[in-house]
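Participant: Please find one structure pasted underneath; my questions will follow.
Bear in mind these aren't lab numbers, they're just calculated from the coordinates by the rules spelled out. Fair warning: this is a prediction, and the values are worked out from it, not measured in the lab. Cβ placement follows ideal geometry from the backbone for every residue including glycine, while neighbour counts extend to all protein chains displayed.
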Amino acid sequence: MAKRRSSYYDDYWPSYSSTSPIRVQDGIKARSQHGKFVQNWWADRWIQALVKLMDSRRLGRGRSYARRGQVLDIDIGPGEITSRVQGSRPRPYNVCIRLHPLSDRQWDAVFDALAKEAIYAAQLLAGEMPPDIGEVFDTVRVPLFPESVGDLKTSCSCPDWANPCKHIAAVYYLLGERFDQDPFLLLTLRGRSKEEVAAELRGRRAQGADAVGESGVPYTPGAVAAVEAAALEVSLDGFWDLGAEAENVALALAAPQVEMALLKRLGVPDFVDARSFWAQMERVYDEVTARALDIAFADAGPGDTEPPSETT
């Protein structure tokens, strides 16, 4: 709800919009100092929700505040973001942004949809956000981002009559950068932490592995039928030959969709430095992947500069 502008404001704050904020030494300064503020689509969607609520002048001043480092701190929790922003007065202003968490029923619909797609589950369990996860939320008609003015409840202790004000805008822009770096914070804001998302998906994947279709009946392997085959000593000459059935086997040779999936799932060992460990392992995996593809396509013909997506 917008603050009501009174005649008192006009009489005693005629030059408020032209005041300069007190500079901050250790504020949170935006990484983007010019041009586009965020890189990933989910962060961009977050920023676009703010654009619909604010006039361009306050939006521009909010970007300036974020880039100058006027925001002192940001705390993100389920359904609420709190922050302090240094303005022109000695005492920082208190900012609060609320976005209603999703209900248990809405989360169940999202988790069921994600668990059905192996690649989504693998990426999330490996600590990576699927690039098209927004489509999953859209499919089950559950909002991931604010969709209307009423979805966001914002407040600021500053005397500016407009809501959202430039202080709220500054926090909002920095939130976009936070989501750019860690998109799981967006899920936290909607009510589920990264660990809770992983636990829910593991549970659903485990239930799916123990059931047949939707019947819930545990899978019981049957007897394996015997196959007639010639004795080994009379088939040595063709032992390594591929049978006719091999022609119908499709092989996809490409870099893994989830990099270092097993390591990300298990975590960094306690006896090593996490930062240097990831840096070293990333180089090793990149080199191994590149070398493996070079070997696999060593016999590619002239002009084949890229491995085919599928070969038989």
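Participant: Compute the FRET efficiency between Arg91 and Glu135 as 1/(1 + (r/R0)^6), taking r as their Cβ-Cβ distance and R0 = 45 Å, and round to the nearest 0.05.
Facilitator: Values: r = 45 Å, r/R0 = 0.99.
For R0 = 45 Å, the calculated efficiency reads 0.50.
Participant: Past 25 Å, Cα to Cα: identify those pairs from Lys52/Lys153; Lys36/Lys116; Lys52/Lys166; Lys52/Lys194, in the order given. All intermediate terms of the calculation are to be shown ahead of the outcome.
Facilitator: On the way: Lys52/Lys153 14 Å; Lys36/Lys116 35 Å; Lys52/Lys166 14 Å; Lys52/Lys194 29 Å.
Where the Cα-Cα span goes over 25 Å, the pairs concerned are Lys36/Lys116; Lys52/Lys194.
Participant: A follow-up question, please. Taking other Cβ within 10 Å of each residue's Cβ, how do His100, His167 sort, fewest first? Could you put the intermediate results ahead of the total?
Facilitator: Values: His100 17, His167 29.
In increasing order of surrounding Cβ atoms, one gets His100, His167.
Participant: Under the Kirkwood approximation applied to all pairs of distinct alpha-carbon atoms, what is the hydrodynamic radius of region 95-150 in Å?
Facilitator: Details: mean 1/r = 0.0802 Å⁻¹.
About 12.5 Å for region 95-150.
Participant: Quick one: order Leu144, Leu99, Leu175 by neighbouring beta-carbon count within 10 Å, fewest to most.
Facilitator: Leu144, Leu99, Leu175
Participant: Taking R0 as 30 Å, what's the FRET efficiency between Phe297 and Trp240 from their Cβ-Cβ distance, rounded to 0.05? List each step's numbers first, then the result.
Facilitator: Details: r = 21 Å, r/R0 = 0.71.
Here the calculated transfer efficiency is 0.90.
Participant: Also, I was wondering about something else. Can you give the translational diffusion coefficient of region 107-215 in µm²/s, computed by Stokes-Einstein from the Kirkwood radius over Cα pairs at 10 °C and 1.306 mPa s?
Facilitator: Values: Rh = 15.9 Å.
Answer, rounded: 100 µm²/s.
Participant: Simple spin-label model, 7 Å along Cα-to-Cβ: Ile119 to Glu196 in nm?
Facilitator: That separation, rounded to one decimal, is 2.8 nm.
Participant: So if R0 is 30 Å, what FRET efficiency would Val249 and Glu282 give, r being the distance between their Cβ atoms, rounded to the nearest 0.05?
Facilitator: On the way: r = 32 Å, r/R0 = 1.06.
Approximately 0.40, to the nearest 0.05.
Participant: How are the C-alpha pair distances of region 26-176 spread across 10 Å bins, as whole percents from the shortest bin up?
Facilitator: Each 10 Å bin holds this share of Cα pairs: 10, 36, 32, 17, 4, 0.
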